[in-house]
Structures are given as C-alpha cells and as structure tokens.
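Structure, as structure tokens:
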Amino acid sequence: MAVYLDYAATTPVDKKIIKGMLEHSNIYGNPSSIHRIGKEAKAFLEENRQKIAEAIGAKPEEIIFTSGATESNNLAIRGTLSHFNREVNVITTEVEHMSILETVKGLKTHVNYVPIQENGLIDLNELNKEIDENTTLVSLHYVNNETGAIQPVKEIKERLPEGVLLHVDAAQAVGHVDVNVDDLGVDLMSMSGHKLYAPKGVGVLYVRSGTHLHAQLVGGKQERERRAGTENLLYSYAMSEAVKEAVQLKDERNNVILSRKEILIDGLNEAGVEFKVNGDLNSQSPHILNIYVPFSETELLLTALDIEGIYISGGSACNAGTVTPSHVITKMYDENRAAHSLRISFSHLTTEDDIDKTIEALKKLYERLK
C-alpha cells in the first residue's frame, strides 16, 4: 500500500466535494446573463463567495476567484503596484514561492529582500530597516511551503507605516493557522484549492475594501472588474466547501497531524537515523517537516523511497518535477544542506501505519547508506 506524505505539494480531492459538484452540475448558466438561468448561476456563485468570506472574516465583495495561488500572487503584486505612477519599493524575502519571486523580479521596481533567520522567520528589526518613503507593498509567505515556518503576520503589519500594503501567500496556512483577515490585518491574501482537498485550478485572492487593484486579465467585467473571464461555478463551489471545512475542522485535523509528526520524529530518533530538523519546530505549521539527512543526497533518497512506495519530496513542486537543491534551505543554511534535505508533509488522512512504514524504510536506507 502506497504511503503519501507530500500533502504540501497537493491533496486528493475530497469525495464529498466531488459529490457536491455533481449534485450542483445542473447549475450551468453564465452568471453574467440576465435571464433566469443566468441569475440562478449568479446566486450560486455569490453563495460560494459568501461562504469563503465568512470562513476568513471578510466581506463577500473582497473575494476574487482565480485559477490558484500562483495567479492570486501575480494579481496581488502586479495589480496593486500598477496603481502607482511613481517609483515604488517592494519588500519580500529570498525564501518565497517562485510565483512571488519571479513576479517581483519581472517588475520595473526596486525590491528589498529582508534576511531570514535560521529558524526560517523574518527578522523584524531588519524589516524596519528596509522600509522607506517609497515602500508600497510587502509580500510574504504566511506559512512557508518548504519548512512550514509561520511568519508573525500580525506583528509585521503593525510595523508597517500607514499606506504600506501587506500581501500574504496563505496557500499552506488555511486549515493549519488562523486566517481571519481582520485579526491578521492583511490587505491581500492568496489561497489555493488543491492544498485543501479541492480540484487543481481554483484559488482565491482576498482584497481588503479600499485597496486599489488593477485587473491583469482584462476583457469582461467579471469579479467586479478585477479578473475577466466567465466564472467557474463548480470550482467556486469546491473552493468554498474546502475553505469552510478547513477552517471549521482546523483544530481537530491539526491534533491528528501533530500526533503523526511527533511519532515520526520520535521513531526516527529511536531507530538511530541521523537527521536534523530544518528550522524550529516551535514556529512551524504542524503539517510540514523539513529534515536534513547528511547520509544521503536528496535525489537518491527520494528514488529509493519511491521504490518502496513512499512518496515525499525534496521541497517545492513548482519546478516541473526537477530535483534541485531547495532555494529555501540554501538561504537558511547552505547548498550542501539543501542537497541533503527532505520535506515530509502530513494530513489528517495520514495513518500511524503510514508513519511506521516510513520510519522502517528510512531506517533501512540509513543503515545501507551511512
């Protein structure tokens, strides 16, 4: 039986969500049409928007449906910065998802990279040093997709001068940490469906009321003129159900996930497997564990585990299946450590048997390769 421990890369689609999509498949109208079928579709779309808004403490009009967190990140950054007709500065870090790093790199704007500490967290004092009169946007992971490091979002927002926007990529945060937008104070927040047991191809961007955002996909007037294109009704339903359930069941699911994570760490220690945790467990999301395994290079270990039917990763899956040293671990430590590190990510679906098999497989490989 296969053991899947790569939930930070993607999740299986919840069968209840698939069933619900089929049950609502008779709602097929274009929400922009003015006839009865169109109005029915519009009402369904707005119902789904309302569910997401309620789950994160937002207003329905602050929710934009997108194709995923990558588009949401692009829209958040490009859409806000294109409003300014003057020199602007953006602040981020060098351990962000590529959809943030590549977006800011491609803009004609100055980018300041705040140093990351060895625990994976931003240095708040260094953040203060990077802020100047031209700073308009800070864009960061809320939960890092490779280490699980939870950035102190509320404290970051409190340090920003009035008028400086804070965007967070919350693709790995929803369902694991608090995502109430008012409690956090964020201005923009990206989410992804396929990290939450919804299908791939749907996401959300929260945009606080009063925030200027220029559409990057232009054409029709959909999504209050912020994202053109006929809305995907069934995927909006899937996203709304996934977000609602992730928020409601957060504590229950996290208890299971944390238990599995602790069993794995304790089991590897008892088995005598040589490893070190990358970052600090006390400031990480329960569902991600990144470990340094000095006895083997990442690619060799992933291949050997794959043969055993155990599926984990070396880091982000955004590099089209390549196994390259993680830029996150490289920046936190060095390239050698990155080339000997594994990302193991858990779910409430992970069983104790999954963990036992993983411990046994890593123990065998360690004894063979050490």
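The values are calculated or read from the model by the stated rules, or taken from the named source; none is laboratory data. All values reported here derive from a predicted model rather than from experimental measurement. Note: ideal-geometry Cβ built from the backbone for every residue, glycine included; neighbour counts use all protein chains shown. Heavy atoms of the whole protein, side chains included, go into the accessibility calculation; ligands, DNA and RNA do not. Shrake-Rupley method; radii C 1.70, N 1.55, O 1.52, S 1.80 Å.
Some points to look at:
- Single residue of Val218, Val204 found to be open to solvent by less than 10 Å² (accessible area, probe 1.4 Å) and either of a type outside the set (Gly, Ala, Ser) or under 17 Å from Gly68 (Cα atoms) (or both): Val204
- Any hit, region 8-21, residues being under 23 Å from His327 (Cβ atoms), touching a residue at least 60 places away in the same chain (Cβ under 8 Å), open to solvent by 70 Å² or more (accessible area, probe 1.4 Å) and touching a strand residue (DSSP E or B) at 6+ places or on another chain (Cβ under 7 Å): no
- A search for C-beta distances below 8 Å between a residue of region 291-304 that is closer than 14 Å to Lys364 by Cα and aromatic (Phe, Trp, Tyr) and any residue that is surrounded by fewer than 19 Cβ atoms within 10 Å (Cβ to Cβ) and at pLDDT below 95, counting only pairs 6+ apart in sequence or on different chains, returns Phe295/Leu369; Phe295/Lys370.
- Filter result (open to solvent by less than 50 Å² (accessible area, probe 1.4 Å) and over 18 Å from the mean Cα position of the chain (by Cα)) within region 250-262: Val256, Ser259, Arg260, Lys261
- Of all residues making up region 322-370, the number that are assigned to a helix (DSSP H, G or I) and surrounded by fewer than 16 Cβ atoms within 10 Å (Cβ to Cβ): 10
- Check on Glu158, more than 19 Å from the chain's Cα centre (by Cα) and touching a residue at least 24 places away in the same chain (Cβ under 8 Å): yes
- Test: residue in region 56-70 that is open to solvent by 10 Å² or more (accessible area, probe 1.4 Å), part of a loop (DSSP other than H, G, I, E, B) and among the polar types (S, T, N, Q): yes
- Every test in (1) crowded, with 22+ Cβ neighbours inside 10 Å; (2) modelled with pLDDT under 95 is passed by His212 save one, and that test is (1).
- Filter result for Lys51 (assigned to a helix (DSSP H, G or I) and without any contact (Cβ under 8 Å) to a residue 40 or more places away in the chain): no
- Residue match in region 92-112 (condition: free of Cβ contacts under 8 Å to residues at least 12 places away in the same chain and within 25 Å of Tyr237 (Cβ to Cβ)): no
- When every residue of region 307-314 is checked against the conditions, none turns out to be of a type in the set (D, E, K, R) and either in contact with a Gly (Cβ under 8 Å, 6 or more places away or on another chain) or surrounded by fewer than 16 Cβ atoms within 10 Å (Cβ to Cβ) (or both).
- Listed by first and then second residue, the pairs linking a residue in region 240-258 that is closer than 15 Å to Ala173 by Cα and among the aliphatic types (A, V, I, L, M) to a residue that is open to solvent by 50 Å² or more (accessible area, probe 1.4 Å) and not in a helix (DSSP H, G or I), with Cβ atoms under 8 Å apart and 6 or more places separating them unless they lie on different chains, are Leu249/His348; Ile257/His348.
- Scanning region 106-155 for residues that are part of a helix (DSSP H, G or I) and open to solvent by less than 20 Å² (accessible area, probe 1.4 Å) turns up Leu127, Val153.
- Scanning region 164-177 turns up no residue that is assigned to a loop (DSSP other than H, G, I, E, B) and surrounded by fewer than 16 Cβ atoms within 10 Å (Cβ to Cβ).
- Residue, modelled with the highest pLDDT, within region 52-107, restricted to residues that are of a type in the set (Lys, Arg) and within 18 Å of Gly210 (Cα to Cα): Lys59
- Evaluated against (1) in contact (Cβ under 8 Å) with a residue 40 or more places away in the chain; (2) open to solvent by 50 Å² or more (accessible area, probe 1.4 Å); (3) not charged (D, E, K, R), His35 falls short on exactly one condition, (1).
- Filter result (touching a Leu at 6+ places or on another chain (Cβ under 9 Å) and either among the hydrophobic types (A, V, I, L, M, F, W, C) or free of Cβ contacts under 8 Å to residues at least 12 places away in the same chain (or both)) within region 203-230: Leu205, Val207, Leu213, Ala215, Leu217, Ala228
- Just one of the listed residues (Leu268, Leu305, Leu289) is within 26 Å of the chain's Cα centre (by Cα), at pLDDT 95 or above and more than 21 Å from Gly120 (Cα to Cα), and it is Leu305.
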